[in-house]
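We did not get these values from a lab; they are worked out from the coordinates using the rules stated. Because the structure is a prediction, the values reported are computed rather than measured. Methodologically, a virtual Cβ is constructed for each residue, glycine included, from the backbone with ideal geometry; neighbour enumeration extends over all protein chains shown.
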Amino acid sequence: MIVVKAQPGDSSDALIRKFNKKVLAEGILQELKKREFYQKPALLKKLKKAEKKKKQAQRRSY
């Protein structure tokens, strides 16, 4: 859970900016988009395998 406490002198805009930064840092929006639609376990396995292959190819190119 994200908590943003108001400091003396903080405006509501500053609090909203702090909240947005924390949401982005935690990756909550990315997780939400990922879970928006159900994906079959076989598809998830296929995507992980492709991601792993892509990372290995990047490591070899350096």
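Quick rundown of the values:
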| item | result |
| --- | --- |
| Residue in region 11-43 that is farthest from MET1 (Cα to Cα), counting only those that are hydrophobic (A, V, I, L, M, F, W, C) and within 17 Å of the chain's Cα centre (by Cα) | PHE37 |
| Residues within region 5-52 that are of a type outside the set (A, V, I, L, M, F, W, C), surrounded by 10 or more Cβ atoms within 10 Å (Cβ to Cβ) and free of Cβ contacts under 8 Å to residues at least 24 places away in the same chain, tallied | 17 |
